[in-house]
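Peer 1: I have a structure here, written as C-alpha cells, and I will follow up with some questions on it.
The values are calculated or read from the model by the stated rules, or taken from the named source; none is laboratory data. This structure is a prediction, so every number in the text was calculated from the model and none was measured. Glycine gets a Cβ as well: all are built from the backbone with ideal geometry, and neighbour counts include every protein chain shown. Each accessible area value is taken on the protein alone, full model and side chains, heavy atoms only, with ligands, DNA and RNA left out. Shrake-Rupley method; radii C 1.70, N 1.55, O 1.52, S 1.80 Å.
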Amino acid sequence: MTVLGIETSCDETGVAIYSGRDGLLAHQLYSQVELHAEYGGVVPELASRDHVRKLVPLIRATLVQAGMKGTDIGGIAYTAGPGLAGALLSGAAVGRSLAWTWQLPAVEVHHMEGHLLAPMLEQQPPEFPFVALLVSGGHTMLVRVEGIGRYELMGESLDDAAGEAFDKTAKMLGLGYPGGPAIAARAEQGEPSRFRFPRPMTDRPGLDFSFSGLKTYALTTMQRESAGLQGDELEKLKNDIARAFEDAVVDTLVLKCRRAVRGSGVKTLVLAGGVAANGRLRARMNRMMAAEGGSAFYPRLDFCTDNGAMIAYAGWQRLRAGESIGLAFQARPRWSLMELQAP
C-alpha cells in the first residue's frame, strides 16, 4: 500500500508519500516560523488560514516529486490530534475529501504516535520493545513501547513541556522564535560554570517532569544580573543564562531517561519531537545509553519537528492492518496517546 500523509497540527504544513515496498517516496514541508516570529509564538487563527493556503499546492508538489498521480495512492492518513483545533480541521477536511474523491480508505493518525514512530523511517530503525522520550513544544513524556498501539505511560510533564519552556525562556531573553534553536545557538557561546540552575524533580523518585519553575528561575536570574548592563556585557549574560538553562533541561531529561531504562530493563531508547534535535541532548543521551549497555535512536533532524513523513508511516501501519474511518471526520485537540489500541 502507498499512503499519502498530511500533517497540520500546529505551524508546519507537511505532506509525504510512503510505500510499504519502497519506503518514503516524497515529502514536502512548509514552516510558518516567519509568519509567527513577530508574535513570539503561534497564533492559531493565522496557522489555520496558512494551512488552507499551502496544503493543496504541497500535495500537488509531493505527487510530482514522487512521479505519481492521485490514482496511484492507496490510502490517506491525516493528523486528527492533538493540536490546534482549526489547524487540525484544515488537514482533516482536505484528507477526508481526497479519500472520498479518490475512493480510498482514510485513517486518523495521533500526532504523538507519528513522532514516536518517526525513527522507523531510518535505515537502522529501533526494534520493539523500547522506551521513548517524546519531547516537543506541546509534550514531554516517557512511554514504554511494546509495539504499534501498545503504549504505557511512564511519566510526563506536570506543567510546561520542555519545548514550551525553551520558547518562553527565549522570548524572555529577547532571543526570538522558535526558542529551541535560539537557546542552543546562544548556549554554545555561554560560560557553563557561571550559573547552575535547578534540575526540577530530580531529587525525588518518579519519572514525571516540571519545567515551569526552571523558566521562572531563568527570568529572575536575568532580572537580577542585568541591572546596569548593556551591549556586549548584556549579550554575554544572555549566553550564560541560555547555557545554564539548556544544561538544566538536558541533565533533567538524561536523568529521567536513565531511570526509565533501568526500571524497565529495556536497553533501547528512542528520542523524538522537536527538542530531540538538540545536539547537546543527543550527545549526552548517547553517552548515557552506552554506559547502560544500550543504544539511543533518533529521527533525522528534518523529521524531529512536525512533518508529513511520520504521519504517512503511522497511517500506513494502521491502514495495512485494515483500519479506516467513515465519511465523518473530526479534530481532537486533546487526545491521549494511551487511548490508542494495537491495530
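Peer 1: Just the residues that are open to solvent by 60 Å² or more (accessible area, probe 1.4 Å) and under 23 Å from Ala77 (Cα atoms), please, taken from segment 26-53.
Peer 2: His27, Leu29, Tyr30, Pro44, Arg49, Val52, Arg53
Peer 1: With respect to Arg60, determine if the residue is in a helix (DSSP H, G or I), within 22 Å of Gln330 (Cα to Cα) and open to solvent by 50 Å² or more (accessible area, probe 1.4 Å).
Peer 2: So Arg60 does not fit the description; no.
Peer 1: List the number of the failed condition for Asn278; all other conditions in (1) open to solvent by less than 60 Å² (accessible area, probe 1.4 Å); (2) in contact with a Phe, Trp or Tyr (Cβ under 7 Å, 6 or more places away or on another chain) hold.
Peer 2: Asn278 satisfies all of (1) open to solvent by less than 60 Å² (accessible area, probe 1.4 Å); (2) in contact with a Phe, Trp or Tyr (Cβ under 7 Å, 6 or more places away or on another chain) except (2).
Peer 1: Let me ask you something else. For residues in segment 136-161 being open to solvent by less than 30 Å² (accessible area, probe 1.4 Å) and out of contact with any strand residue (DSSP E or B) (no Cβ under 7 Å at 6 or more places or on another chain), which is farthest from Gly23 (Cα to Cα)?
Peer 2: Asp160
Peer 1: Could you tell me which residue of segment 310-343 is most open to solvent (accessible area, probe 1.4 Å), considering only residues that are among the aliphatic types (A, V, I, L, M) and not in a loop (DSSP other than H, G, I, E, B)?
Peer 2: Filtering segment 310-343 for residues that are among the aliphatic types (A, V, I, L, M) and not in a loop (DSSP other than H, G, I, E, B), the one most open to solvent (accessible area, probe 1.4 Å) comes out as Met338.
Peer 1: Give me the pairs: first residue in segment 258-278 and part of a loop (DSSP other than H, G, I, E, B), second residue polar (S, T, N, Q) and buried (at least 20 other Cβ atoms within 10 Å of the Cβ), beta-carbon distance under 7 Å, and six or more apart or on different chains, which are they?
Peer 2: Gly273/Ser136
Peer 1: Can you tell me which residue within segment 30-43, out of those that are in contact (Cβ under 8 Å) with a residue 12 or more places away in the chain and in a helix (DSSP H, G or I), is farthest from Met172 (Cα to Cα)?
Peer 2: Among residues in segment 30-43 that are in contact (Cβ under 8 Å) with a residue 12 or more places away in the chain and in a helix (DSSP H, G or I), the one farthest from Met172 (Cα to Cα) is Leu35.
Peer 1: Hey, another quick one. Quick one: which of Ala106, Ala80 is of a type in the set (Gly, Ala, Ser), open to solvent by less than 30 Å² (accessible area, probe 1.4 Å), touching a Lys or Arg at 6+ places or on another chain (Cβ under 7 Å) and over 30 Å from Lys171 (Cβ atoms)?
Peer 2: Answer to the selection: Ala106.
Peer 1: With the structure loaded, tell me whether Asp302 is modelled with pLDDT under 95 and under 24 Å from His51 (Cα atoms) or whether it fails that test.
Peer 2: Criteria met by Asp302.
Peer 1: Of all residues in segment 15-25, how many are farther than 18 Å from Gly70 by Cβ and buried (at least 17 other Cβ atoms within 10 Å of the Cβ)?
Peer 2: 1
Peer 1: Looking only at segment 63-111, count how many residues are over 17 Å from Leu337 (Cα atoms) and either polar (S, T, N, Q) or free of Cβ contacts under 8 Å to residues at least 40 places away in the same chain (or both).
Peer 2: 13
Peer 1: Right, something else. Among the residues of segment 285-304, are any open to solvent by 10 Å² or more (accessible area, probe 1.4 Å) and within 18 Å of Asp11 (Cβ to Cβ)?
Peer 2: yes
Conditions (1) at pLDDT 95 or above; (2) of a type in the set (S, T, N, Q); (3) not in a strand (DSSP E or B), marked per residue:
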residue: Leu25; (1), (2), (3): yes, no, no
residue: Gln28; (1), (2), (3): yes, yes, no
residue: Glu45; (1), (2), (3): yes, no, yes
residue: Asp50; (1), (2), (3): yes, no, yes
residue: Arg53; (1), (2), (3): yes, no, yes
residue: Thr71; (1), (2), (3): no, yes, yes
residue: Gly86; (1), (2), (3): yes, no, yes
residue: Ala93; (1), (2), (3): yes, no, yes
residue: Arg96; (1), (2), (3): yes, no, yes
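Peer 1: So Met1 ticks every box in (1) of a type outside the set (D, E, K, R); (2) in contact (Cβ under 8 Å) with a residue 40 or more places away in the chain; (3) surrounded by fewer than 19 Cβ atoms within 10 Å (Cβ to Cβ); (4) under 21 Å from Asp302 (Cβ atoms) but one. Which box is left unticked?
Peer 2: Against the list (1) of a type outside the set (D, E, K, R); (2) in contact (Cβ under 8 Å) with a residue 40 or more places away in the chain; (3) surrounded by fewer than 19 Cβ atoms within 10 Å (Cβ to Cβ); (4) under 21 Å from Asp302 (Cβ atoms), Met1 comes up short only on (4).
Peer 1: Would you be able to tell me the number of residues in segment 73-84 that are in contact with a Leu (Cβ under 7 Å, 6 or more places away or on another chain) and either assigned to a helix (DSSP H, G or I) or of a type in the set (Ser, Thr, Tyr) (or both)?
Peer 2: 1
Peer 1: Which members of segment 259-274 meet the condition of being open to solvent by 20 Å² or more (accessible area, probe 1.4 Å) and either under 12 Å from the mean Cα position of the chain (by Cα) or not charged (D, E, K, R) (or both)?
Peer 2: Within segment 259-274, Gly263, Ser264, Gly265, Thr268, Gly274 meet the criteria.
Peer 1: Can you find a residue that is under 26 Å from Gly179 (Cβ atoms) and either out of contact with any helix residue (DSSP H, G or I) (no Cβ under 7 Å at 6 or more places or on another chain) or not hydrophobic (A, V, I, L, M, F, W, C) (or both) anywhere in segment 15-28?
Peer 2: Within segment 15-28 (the criterion being under 26 Å from Gly179 (Cβ atoms) and either out of contact with any helix residue (DSSP H, G or I) (no Cβ under 7 Å at 6 or more places or on another chain) or not hydrophobic (A, V, I, L, M, F, W, C) (or both)), the answer is yes, since at least one residue qualifies.
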